[in-house]
Amino acid sequence: MKLNVADQAFSLCVRERADWCCERCHRPYLDRKGAGLHCSHYFGRRNYAVRHDPLNAACLCFGCHNYADDNHHIYAEWKHWQLGDLYDLLVEHANDINRGKRAHKETKAIAAHYRHELERMLEQRAAGTTGRIEFADYF
């Protein structure tokens, strides 16, 4: 599946949120480059309703991403643990057909939103913030 401009901006936000560290094995990527560190989607990118939903994404290294893809039942347990009560909200978003239709039409606006969020996060990093920095969903 081809990446679009919104995917690229969203992926950078997911990695920055995790401070360029795998959320499963905690391996840091100190060079802050994308090679080997992925934006993993719990519900696949084909589901436009949650393709750019921060709840649906995790920052995983290549090995952990492959492990999650091959062991979805374990990924599901981890996602339940990670989100807690928000897991039900993610499922609700994933099943929202109107949200998916809107997201499919608003790719450029979604990209602009996540570029703005990334700028905000980078300003916080420059000010000395370390660790996880949350970012706002487009919707």
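Here are a few things to note about the model shown:
- Exactly one residue out of 51, 45, 15 is part of a loop (DSSP other than H, G, I, E, B), under 13 Å from the mean Cα position of the chain (by Cα), surrounded by 19 or more Cβ atoms within 10 Å (Cβ to Cβ) and not aliphatic (A, V, I, L, M), and it is 51.
- Residues that are touching a residue at least 24 places away in the same chain (Cβ under 8 Å), part of a helix (DSSP H, G or I) and more than 16 Å from the chain's Cα centre (by Cα), drawn from region 87-101: 97, 99, 100, 101
- Considering region 115-138, the residues that are among the polar types (S, T, N, Q) and in a loop (DSSP other than H, G, I, E, B) include one that is surrounded by the fewest Cβ atoms within 10 Å (Cβ to Cβ), namely 130.
- Some residue of region 94-101 being open to solvent by 80 Å² or more (accessible area, probe 1.4 Å) and within 18 Å of residue 17 (Cα to Cα): no
- Selection within region 24-42 - assigned to a loop (DSSP other than H, G, I, E, B), within 25 Å of residue 90 (Cα to Cα) and open to solvent by 30 Å² or more (accessible area, probe 1.4 Å): 24, 25, 26
The values are calculated or read from the model by the stated rules, or taken from the named source; none is laboratory data. Bear in mind that the values here come from a model prediction, so they are computed numbers and not experimental data. For neighbour counting, all protein chains shown are included, and Cβ atoms are generated from backbone atoms with ideal geometry for every residue, glycine included. Areas reflect the complete protein model, heavy atoms only, side chains present, ligands, DNA and RNA absent. Shrake-Rupley method; radii C 1.70, N 1.55, O 1.52, S 1.80 Å.
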